[in-house]
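Report on the following structure.
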Amino acid sequence: MYASALLPIVALFPVALGQLNALAKAKGLKYFGSATDNSELSDTTYVSILSNISQFGQITLGNTQKWVYTEPTQNTFSWTQGDVITSFAEGNGQLLRCHNLVWYNELPSWITSGTWTNATLIAAMKNHIANEVTHYKGQCYAWDVVNEAFNDDGTYRVDVFYTTIGPEYIPIAFETAALYDDTVKFYYNDYNIEYAGAKATAAQNLVSSLKARGIRIDGVGLQGHFIVGETPSLASQISNLESFTALGVEVAYTELDIRFSSLPPTTAGLTQQGTDYVNTVMACVETKNCVGVTVWDFTDKYSWIPSTFSGQGDACLWYSDFTLHPAYYSVVTALGGTATATASTVTSSATTLATSTVTSTSAKATTTSSSGGGVAKWGQCGGTGWTGGTSCVAGTTCTYSNAYYSQCL
Ligand SMILES: *[C@@H]1O[C@H](CO)[C@@H](O)[C@H](O)[C@H]1NC(C)=O
Ligand SMILES: *[C@@H]1O[C@H](CO)[C@@H](O)[C@H](O)[C@H]1NC(C)=O
């Protein structure tokens, strides 16, 4: 009995046909990307997702281009680990954000414990930048030249560079980098500059002062380490991005993750996480000269959050077991994709694999068939430019998130 064999759906394996990078590019971004790290590249499930250029068109090196890895002993350079990741990205045809040249953290002890004069530290910094930019010349889309130079109140962070050289270490770093690669985009990168305030203003003043002096700075990276429910609104993120692009630089979200401050997440929390991700991704889409979004790893399995913020986590778009957060589907639908699923139908008399289109919700939530006619739970049901369905399946309501996005919740 063929017909009845198809009826009992015992298991659903949602497969998202929406693909982040393909959809982001269709919306005008250059890429949707992820950070990664060397140790993760032995995980075959992880690698198969990360290598999929439909999902990720860009890779950021999480650690192994940092100073402690690349110049562990003064003037002795080690590119082996960084090269593993740059080769991986190049093999997949993915863009590279190279990260980073000057940062207060992950420095070798010869820097942090050295005895420096202004002149000797400037010389060491210039030598580091010259060698690293030269080694990776032609491979990077962007370089984070200086990372996290400001405190939250907009004052300069006190580190060995600031203490020894003064604020002039930043212009010197940018000026030096520009000598060794004409084509890469040089960025300033920081967190807590995703909304207006003293720190964003300090970063903008840095851009203006470099430009006024004729020193090349091409972009500002807004890290985007957010907390569920405390992520700035779409409108405020757009206006903040525009306050940077108005200065003649491009912008990007460079380290996006949106963590729960307590675990496990509630259903309402997962919905909020979707809204927060959408507001951030769509702020970039809606801002001219916002070029891309990079997540600071795509799976909770390799997120930095639990080890840094005790008791917090689930900040990524994929869970640790590589099933998808509801937020993944929210982002896909916001980017104009559809999240569909392959249903596997099993009966007592025979096993029949049938492919049916089911509008998917989430691997962690009840899946709702689209046969009711409306938009499925979590799906987009309205917003500026939205031409898809506006009525939601039974049990859900089309809920306004922002001018660009309403969602069936
Ligand atoms: C990339 O991922 C998408 C979404 O999971 C999938 O449909 C597609 O087949 C994958 N492509 C490759 C080459 O694995
Ligand atoms: C260090 O030297 C640079 C370059 O000459 C100069 O601009 C800067 O002000 C000096 N810093 C200090 C603390 O003297």
Mind checking which lysines have their Cα closer than 24 Å to the Cα of Lys126? Skip sequence neighbours fewer than 8 apart in that chain. Lys66, Lys137, Lys185, Lys211
Per residue, how many Å² of accessible area does region 20-340 show with a 1.4 Å probe? 35
Cα-based Rg and Dmax for region 20-340, in Å, come out at 18.9, 61
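Provide, as a two-decimal number, the C-alpha radius of gyration of region 178-336 over 2.2 N^0.38 Å, N being how many residues it has.
On the way: Rg = 16.3 Å, N = 159, 2.2 N^0.38 = 15.1 Å.
Rg over 2.2 N^0.38 Å, computed on Cα atoms: 1.08.
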Taking square-rooted eigenvalues a ≥ b ≥ c of the alpha carbon gyration tensor, is region 107-162 rounded, prolate or oblate, where a/c under 1.5 means rounded and, failing that, a/b exceeding b/c means prolate? oblate
Inter-probe distance in nm under a simple model that places probes 7 Å from Cα toward Cβ, at Gln74 and Thr201: 4.0
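The values are calculated or read from the model by the stated rules, or taken from the named source; none is laboratory data. Predicted model, so just to flag it, every value in this text is computed and none were measured. In this analysis, Cβ positions are derived from the backbone assuming ideal geometry, glycine residues included, and neighbour counts consider all displayed protein chains. The area values use the complete protein model at the heavy-atom level, side chains included, leaving out ligands, DNA and RNA. Shrake-Rupley method; radii C 1.70, N 1.55, O 1.52, S 1.80 Å.
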